[in-house]
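The values are calculated or read from the model by the stated rules, or taken from the named source; none is laboratory data. Keep in mind it's a predicted model, so treat the numbers as computed, not measured. Positions of Cβ are generated from backbone atoms using ideal geometry, with glycine treated the same way; all protein chains shown enter the neighbour counts. Surface areas here come from the heavy atoms of the whole protein model, side chains and all, with no ligands, DNA or RNA. Shrake-Rupley method; radii C 1.70, N 1.55, O 1.52, S 1.80 Å.
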Amino acid sequence: MLLAIDIGNTNSGFSLHDGTRFIAAWRCATKPEQTADEYFVWLSNLMNYMSSPIPPRSIDRVVVSAVVPQVLFNIRVLCGRYFECRPLVVGKPECRLGIDIRVDSETEVGADRIVNTVGAFDRYGGDLIVVDFGTATTFDVVDSDGAYIGGVIAPGVNLSMRALHQAAAALPRIDVGIPERVVGTNTVACMRAGVFWGYVGLIGGICSKIQEERQRKMKVIGTGGLAGLFERGTDVFDEIDGDLTMHGLYLIDAFNRDG
C-alpha cells in the first residue's frame, strides 16, 4: 500500500493507493509542530473509519512532496517508526523524476511544481500551463517533451484577502466567492468582486503572456482547491484536475520502483 503525501504551506494532503487506484484522501492543516506520533494517531483513526477499514501497518511505501522542511522531518520519523520504510522524497538526489528540469543553475524548484509537471504531462501531453491555486498561485510551464522550463509565482487568493484585511483596518475578512455583480454596492461586495474578477484577469493575462512569449497555443490545466471556482469566471482552462498532484506522486513512486 502506497501513502502519498503532499505537504503544502497551508494544508497537507494524504492519499492511499492500493496498486490500482487511490482509495482514500484526507487533508489537514500544515503544522510544523505536529509530531510523528500525532500524525500516526490521526491517520490510524481515519483508516479505521473507512467502510472497509485498512490496518495502518499495510502501508509499506511512502512518497512525499514537501515545501516545509520542519514537517518533512516529522514525516520521516513517522515512516521509520510506524511503517518501517524510508520515504521517497521528491527533490532529493535519490529520487528520479523521469523529466528534465530546465531552469537557471542553482535554482531550487518547489517539489509540488515538479510533481504537477509529471502528473500533467502524463495526462495531457506537452505544451502545458499548470495553474495551481495554493498558498501562492503558481503557473508552471511544461515543454513539448515534458520538461519543466519555468513559471510564474503570484500571491495566493486567500493570502491576498488576509493581507487586505490586515493592512486596512476598515476592511473585514471575507471568504472568496462569485460576486453577483462586478460593481459592488457595499464593502463586502466590492471586496469580493475585486478579488474574484481581479484573479480571473490575472489568470487570463498571465496565461496569454506565456503563450505569446512561447509563440504557441498551450493547454491550460487548473488544479488546487479554488480551481473549480475560478473556472466559472473564465474560459481559459482546458481542464480542471483536482488530483493532479497525487497522480504525479504515484507516477514518481512507480518510476523509482520500476527503475
Return the residues of the range 204-233 that are open to solvent by 30 Å² or more (accessible area, probe 1.4 Å) and either in a loop (DSSP other than H, G, I, E, B) or β-branched (Val, Ile, Thr) (or both); say none if nothing qualifies. Ile206, Gln215, Arg216, Lys217, Gly225, Leu226, Arg232
Extreme residue, least open to solvent (accessible area, probe 1.4 Å), among residues of the range 44-69 that are touching a Gly at 6+ places or on another chain (Cβ under 9 Å) and part of a loop (DSSP other than H, G, I, E, B): Val68
With the requirement that a residue be open to solvent by 30 Å² or more (accessible area, probe 1.4 Å) and within 30 Å of Val62 (Cα to Cα), what does the range 234-246 give you? Glu239, Ile240, Gly242, Asp243
Just name the residue that is nearest to Ser51 (Cα to Cα) out of those in the range 15-38 that are open to solvent by less than 60 Å² (accessible area, probe 1.4 Å) and β-branched (Val, Ile, Thr). Ile23
Given the structure, is Val236 part of a loop (DSSP other than H, G, I, E, B), more than 30 Å from Val103 (Cα to Cα) and either touching a Cys at 6+ places or on another chain (Cβ under 9 Å) or aromatic (Phe, Trp, Tyr) (or both)? no
Count - residues of the range 158-185 that are exposed (fewer than 15 other Cβ atoms within 10 Å of the Cβ) and of a type in the set (A, V, I, L, M, F, W, C): 8
Verdict on Asp127 being at pLDDT 95 or above and open to solvent by 20 Å² or more (accessible area, probe 1.4 Å): yes
Contacts under 9 angstrom Cβ, first residue in the range 161-186 being without any contact (Cβ under 8 Å) to a residue 40 or more places away in the chain, partner in a loop (DSSP other than H, G, I, E, B) and of a type in the set (Val, Ile, Thr), 6 or more apart: Met161/Ile174; Met161/Val176; Leu164/Ile174; His165/Ile174
Restricting attention to the range 1-11, report how many residues are at pLDDT below 95, in contact with a Lys or Arg (Cβ under 8 Å, 6 or more places away or on another chain) and either open to solvent by 50 Å² or more (accessible area, probe 1.4 Å) or in a strand (DSSP E or B) (or both). 1
Does Asp104 satisfy the criteria of being closer than 25 Å to Gly205 by Cβ, at pLDDT below 95, open to solvent by 20 Å² or more (accessible area, probe 1.4 Å) and not basic (Lys, Arg)? yes
Kindly indicate the residue of the range 75-100 that is over 26 Å from Gly146 (Cα atoms) and open to solvent by 30 Å² or more (accessible area, probe 1.4 Å) and also modelled with the lowest pLDDT among those meeting that condition. Glu84
Going by the structure shown, is Val41 open to solvent by 40 Å² or more (accessible area, probe 1.4 Å), touching a residue at least 40 places away in the same chain (Cβ under 8 Å), aliphatic (A, V, I, L, M) and outside any strand (DSSP E or B)? no
Please work out if Leu72 is crowded, with 19+ Cβ neighbours inside 10 Å and in a helix (DSSP H, G or I). yes
